[in-house]
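**Student:** Quick one: structure below, then a few questions.
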Amino acid sequence: IAKRAGLDPKDPAYKTYVLTGTVPAGAVTQKQQAIEKLDAARVNKYSEDIPSAQSGLDTLDEIERVKPKAITGPFMGPAAAALGHAASQDLQRNQNALALSVSEKMKGALSDKDILFVKSQVANLNMTGPAYQSAVDSLRAAFERQQQRAFFYRDWFEKYGNLNGADRAWTKYINENRLTVEDNKAVGGVRFNPNYNRDYSAYLKQIGRAHV
């Protein structure tokens, strides 16, 4: 029974539990220590996404820099790049880099619906006008949310000492504050939501109270 409670015979609290059936207040079992270690490693892993996301933001900045010099359009842009037009080649290369970043890094940071939308926006970087601006705004928001996830999990861990409930809270946050909103007039029935970036502190409190 003591072992099922997460106690090991080497734990100072083991004998007390065997005799009384209770774990002394403040006692940390080996199982708890192992869980906290894994949770800390996960927080660190998400923190590693911060510079990766920043790289994506830097790539967007580079696209905005070369865009005025590039030949754009769904057909003319790739054709110009293939023929050796320098600015168009730079634009194409940066688009390809962003497509990989979105595919590899966004899972779990964004809702599945948002990921599908953001991936569809990469091709629109070759467009002009509202379609291009929507693509830039959507991709920028996606990379910022990737960084936001790292901050969220770090804040949760610092507050509660573990990640119990963090996944549920984060999923609730990204589903209730999506990067997209439904719009029947938009292509595919959705468009970028400029009001996506709501403060997540309420979500730390809302679901986290049970873990204090």
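**Student:** Residues that are in a helix (DSSP H, G or I) and in contact with a Ser or Thr (Cβ under 8 Å, 6 or more places away or on another chain): does segment 200-210 have at least one?
**Tutor:** No: segment 200-210 contains no residue that is in a helix (DSSP H, G or I) and in contact with a Ser or Thr (Cβ under 8 Å, 6 or more places away or on another chain).
**Student:** Six or more apart or on different chains, Cβ atoms under 7 Å: show the pairs whose first residue is in segment 149-164 and in a helix (DSSP H, G or I) and whose second is among the aromatic types (Phe, Trp, Tyr) and surrounded by 15 or more Cβ atoms within 10 Å (Cβ to Cβ).
**Tutor:** As it stands, the answer is 149/46; 149/170; 150/46; 152/170; 152/200; 153/46, since those pairs meet every condition given.
**Student:** Could you tell me which numbered condition residue 184 fails, if it satisfies all but one of (1) open to solvent by 20 Å² or more (accessible area, probe 1.4 Å); (2) more than 27 Å from residue 55 (Cα to Cα); (3) in contact (Cβ under 8 Å) with a residue 12 or more places away in the chain?
**Tutor:** It fails just one condition, (3).
**Student:** Separate question: Considering only segment 2-100, give the helices (runs of 4 or more DSSP H) lying wholly within it that have at least 2 residues that are among the basic types (Lys, Arg), modelled with pLDDT of 60 or more and out of contact with any His (no Cβ under 8 Å at 6 or more places or on another chain).
**Tutor:** 30-47
**Student:** Okay, next question. Consider only pairs whose beta carbons are under 6 Å apart and that are at least six residues apart or on different chains; among these, list those whose first residue lies in segment 35-58 and is closer than 26 Å to residue 119 by Cα and whose second residue is surrounded by 15 or more Cβ atoms within 10 Å (Cβ to Cβ) and among the small types (Gly, Ala, Ser).
**Tutor:** 46/150; 47/150; 49/150; 50/150; 56/101
**Student:** A further question on this structure: Filter segment 116-168 for residues that are farther than 14 Å from residue 46 by Cβ, buried (at least 20 other Cβ atoms within 10 Å of the Cβ) and small (Gly, Ala, Ser) and give the result.
**Tutor:** Listed by number, the residues that qualify are 135, 138, 141, 142.
The values are calculated or read from the model by the stated rules, or taken from the named source; none is laboratory data. What you see is a predicted model, and the numbers here were worked out from it, not measured in a lab. Here Cβ is always computed from backbone atoms with ideal geometry, including for glycine, and neighbour counts include all displayed protein chains. Side chains included, ligands, DNA and RNA excluded: accessible areas come from the protein's heavy atoms. Shrake-Rupley method; radii C 1.70, N 1.55, O 1.52, S 1.80 Å.
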